[in-house]
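My structure is below; once you've seen it, I'll send some questions.
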Amino acid sequence: MLRELTEAQMAAAATMFAALADPARLALLVHLAQGEASVSELTSALGDRMTTISARLKVLHTARLVGRRRVGKSILYHLADDHVLALVRSAVDHACEDH
């Protein structure tokens, strides 16, 4: 059974699901599940423009799905926590099941 949520918590969860609803943003999360990466590394891995990747990361960061840390002049992105990893893994596993 799920616990009861406040309106603010429900809105935050809905924002998170809205951020997950885009296949390109989900691809970023799947890639980050392998470990942290910079925007330039994500650009190379996913084949999108740097500005596009940055915009997607901003949405994911706002939804609290990714975190970031500065190392020198670079910013490295990572999944926010184990809950996000479990959520992404569960969604991908469910999508891959034969129904």
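The values are calculated or read from the model by the stated rules, or taken from the named source; none is laboratory data. On a predicted model such as this, the values are computed, not experimentally measured, just so you know. All Cβ positions, even for glycine, are placed from backbone atoms using ideal geometry, and neighbour counts span all protein chains on display.
In segment 65-88, what residues are among the basic types (K, R) and at pLDDT 95 or above?
R68, R69, R70
Can I ask one more? Within segment 28-57, take every residue that is charged (D, E, K, R) and under 18 Å from V88 (Cα atoms) and give me the one that is nearest to the chain's Cα centre (by Cα). Working first, answer last.
Our first condition is that a residue be charged (D, E, K, R); within segment 28-57, this holds for 36, 41, 48-49, 56.
Filter once more, so that each one left must be under 18 Å from V88 (Cα atoms): 36, 56.
Values: E36: 11, R56: 9 Å.
Checked segment 28-57; the qualifying residue nearest to the chain's Cα centre (by Cα) is R56.
Shifting gears a bit: For segment 41-84, which residues satisfy the criterion of being among the aliphatic types (A, V, I, L, M), closer than 25 Å to A11 by Cβ and surrounded by 15 or more Cβ atoms within 10 Å (Cβ to Cβ)?
L57, V59, L60, A63, L65, V66, L79, A80, V84
Now, a different point. When only residues in segment 1-15 that are polar (S, T, N, Q) and surrounded by 10 or more Cβ atoms within 10 Å (Cβ to Cβ) count, which is nearest to A63 (Cα to Cα)?
Among those that are polar (S, T, N, Q) and surrounded by 10 or more Cβ atoms within 10 Å (Cβ to Cβ), it is T15.
Please go through segment 1-27 and pick out each residue that is over 18 Å from the mean Cα position of the chain (by Cα) and among the aliphatic types (A, V, I, L, M).
Within segment 1-27, the first condition is being over 18 Å from the mean Cα position of the chain (by Cα), and the residues that meet it are 1-10.
Matches in segment 1-27: M1, L2, L5, A8, M10.
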